[in-house]
Each structure stands twice: as structure tokens, then as C-alpha cells.
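What follows is calculated from the coordinates using simple rules that are stated; it is not laboratory data. Small disclaimer: the values here were computed from a predicted structure and weren't measured. Backbone-built Cβ (ideal geometry, glycine too); neighbour counts: all protein chains shown.
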Amino acid sequence: MTRLGLAVATALLLAGTASAQTPANVAAAVASPQRPASDTARDATRKPDVMLDFARVKPGDRVADLIPGHGYFTRLFAVAVKPGGSVVAIVPPEAAKRDAEGAAMIAAIAADPAYGNVSVVDGVGNHALGKVDVFWTAQNYHDLHNSLSVDQVIEVNESIYKLVKPGGYYVIVDHAAQAGSGLSAANALHRIDPEKVKAEVEAAGFLLDGESGALANAADPHTANVFDASIRGKTDQFMLRFRKPK
């Protein structure tokens, strides 16, 4: 049995014992032996099985991963979309400059034969991106407002709308700011009010399709910077799934 075949078999067993609701492709991605220990060590707080299931990622899908950091979700998507699917990591020049190590890791993933279905582009306007079934970004949406004007963020969402196939999804995960705070915490605290995100994305034409509290933390006072030691890794996070009408 191949390593991937063993991973799938193991994942199916885990799916039966841990959560009968976890799709087999998601379970296989989480259980993949290709994942580094630095990724699996974060699973308890990131809950990748719940997150990928929420994103409706299926075999054969083309997934865009905007500003993928060090590739935690990129690796998961690469396995979850097999067979026949692909992943495009979007690493804008500004993000590569800010996190050179992360950009190098994404390039290494794309060059690794084990992830032969991963490619890299430099922005949502790159024609190589093509149409996608799922457009994903985690803990990055607030930063769009730190580097772009409000009008430019509107343009980004409109561009993403054009990229997503009819019936496809735009999924956003981010750190929650205090209700009613709008964009005021985006720079100072690296947080954003989920209602602001909903308003902006729906204005581009998407329909709110689902919300999840799987990463919520009611004990987070929403007043500390997400990098503050008192809350880092334990922030109240929201998950929003938007759908492009057919």
C-alpha cells in the first residue's frame, strides 16, 4: 500500500472513531504523513477537520489560498482535493516581503513532488489563478485594510467574486473585534468586526452561506492585540462562508 493509500485508510478509521461526520477527504488530509510536526502541533487549536469541512472542500476542487503564511492550510488542501483537484497559493509581493520565510516555504511546497497539485501566483489579478471552487483566507482579511484603502478592498472582493465559480465559496477566518467596532481595531489589534466583513463581502455579490463558532472564545475581551502573550493562540475567531449565486 502506498503512503497516501495508508493515510486514507488510517483516516477512514479515524473518521469512524472520532467523528462520523468528517468527510473522508478531510480526514485523509488531516492524517496525511506528509504534514510536518510543526503543523500537527497546531491542530488542537486550529481544528483543521472542522475548518476544511466548513469550507466545503471536495475532491476535484480548485482552491485558492490567499496569503497562506507557512502553508498550514495549503498542505491540507493539497490532499483534500485529490484526486483531480489543485491548490493555488496567492502570495502578493507585500506579503512575501513581510514574511520571506513563509514565502520560501510556500515555494518549497509547490516544488515538492509530494504536492504536485500546488502552484503559486502573486495576486488575485494573475491570470494563472483561473476560476476556483473555494477561495480561502485565514487571519488575513483585517490586514487588507491595513495595506489597502477601503475602495481597494472593495475591488479585491469584486475580483474574488469574478474568480469564484457560480455556486462556489469564499471562506474567511479572522480574529474578532468588539461588536460595532468596524475597522477601528484592524491596525492596532489585528482584529475586525465580523459584521463589517459580512457587509463588505455581501456588497460584492456573495451571499452569507454559513457561520461557525468552532474557534470562538467567549473569554477573549477583544481588547488585546492578537500577538499579546495574554491572548495569542487563544483569540476569539469567527468563520464565515459566503456563496456565489448560481
Exercise for the section: Kindly express, to the nearest 10 degrees and within the range 0 to 90, the angle between helix 100-111's C-alpha long axis and the longest C-alpha principal axis of the chain. Expected result: 30 degrees
Problem - Ranking of HIS222, HIS142, HIS127 by count of other Cβ atoms within 10 Å, fewest first - result: HIS127, HIS222, HIS142
Problem - Lysine pairs with alpha-carbon atoms under 15 Å apart, the chain, spacing 8 or more or separate chains - result: 12
Problem - For the chain, size of Cβ-based charge dipole, Lys and Arg +1, Asp and Glu -1, in debye - result: 740 debye
Handout entry: Whole-percent pair-distance distribution, where bins are 10 Å wide, for the alpha carbons of the chain
Key = 7, 32, 38, 20, 3, 0
Fill in the blank from the handout: Tilt, helix 194-203 to longest principal axis of the chain (alpha-carbon atoms), in degrees rounded to tens, equals 80 degrees
